[in-house]
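Trainee: Structure below; questions to follow.
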Amino acid sequence: SKLIGPLRAALLVKDKDVFLATLDAIKCLSEVVGPALNEHLSVLLIQINKAQFDKALKNRVHETLGTLEEFGGPLALSIIKTKVPAYASNSM
């Protein structure tokens with residue numbers, strides 16, 4: 001939980017390289033901690049959702065959401081669909 005604040009802050013930075021590096025960090029964290037990240041998804045997904053409207057970021061955002069779903073399980077998918085209604089699951 002100590003990582004969530006800095007990750008959220010990094011998602012707020014206007015620099016796209018910082019944003020993309022943060023998405024990569026979130027993917028790695030999800031792969032390591034799995035469903036333990038689910039309780040923090042709501043905080044992170046607010047900023048991630050906003051970025052999906054940027055064509056340059058859309059694919060990476062979708063990759064990140066897919067990783068969160070894959071390693072977070074059905075609960076992660078439920079949280080993602082709540083915060084990112086346009087998300088289409090890869091497993092459907």
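The values are calculated or read from the model by the stated rules, or taken from the named source; none is laboratory data. It should be emphasised that the depicted structure is a prediction, and the values quoted were computed from it without experimental measurement. Cβ coordinates were reconstructed from backbone atoms using ideal geometry, including for glycine residues, and neighbour counts include every protein chain displayed. Just so you know, the surface numbers come from the protein's heavy atoms only, side chains and all, with ligands and any DNA or RNA stripped out. Shrake-Rupley method; radii C 1.70, N 1.55, O 1.52, S 1.80 Å.
Trainee: Calculate one ³J(HN,Hα) per residue across region 48-57 by plugging θ = phi - 60° into the Karplus curve 6.51 cos²θ - 1.76 cosθ + 1.60, and present them in order as whole Hz with x for glycine and proline.
Mentor: Using θ = phi - 60°, the values come out as 5, 4, 4, 6, 5, 7, 8, 4, 6, 10 Hz.
Trainee: On to the next question. Compute the length gained on full extension between Lys16 and Ser42: take 0.36 nm times their separation in residues and subtract their Cα-Cα distance, giving the result in nm to one decimal. Walk me through the numbers before you get to the answer.
Mentor: Values: separation 26, 0.36 × 26 = 9.36 nm, distance 2.11 nm.
Using 0.36 nm per residue and subtracting the Cα-Cα distance, I get 7.2 nm.
Trainee: I would also like to ask the following. How do 42-53, 12-23 rank on mean C-beta neighbours within 10 Å, highest first? Don't skip to the end; give the middle numbers.
Mentor: Details: 42-53: 17.0, 12-23: 14.3.
Taking the mean over residues of other Cβ atoms within 10 Å, the ranking is 42-53, 12-23.
Trainee: Heavy atoms only, probe 1.4 Å: what % of the accessible area of the chain goes to carbon and sulfur, would you let me know? Walk me through the intermediate numbers first.
Mentor: Details: 3160 of 5280 Å².
Of the solvent-accessible surface of the chain, carbon and sulfur hold 60 percent.
Trainee: Specify, per residue and in Å³, the volume enclosed by the convex hull of the alpha carbon atoms belonging to the chain. Please list the in-between numbers first.
Mentor: Numbers: hull volume 7.3 nm³, N = 92.
Considering the Cα atoms of the chain, their hull volume per residue is 80 Å³.
Trainee: Per the helix-only calculation at 222 nm, which mean residue ellipticity applies to the chain, given -39500 (n - 2.57) for every DSSP H run of n ≥ 4 and division by its residues, nearest 500 deg cm²/dmol? Kindly include the intermediate steps, with their values, before the conclusion.
Mentor: Details: 4 runs with 64 residues, N = 92.
The helix-only estimate for the chain comes to -23000 deg cm²/dmol at 222 nm.
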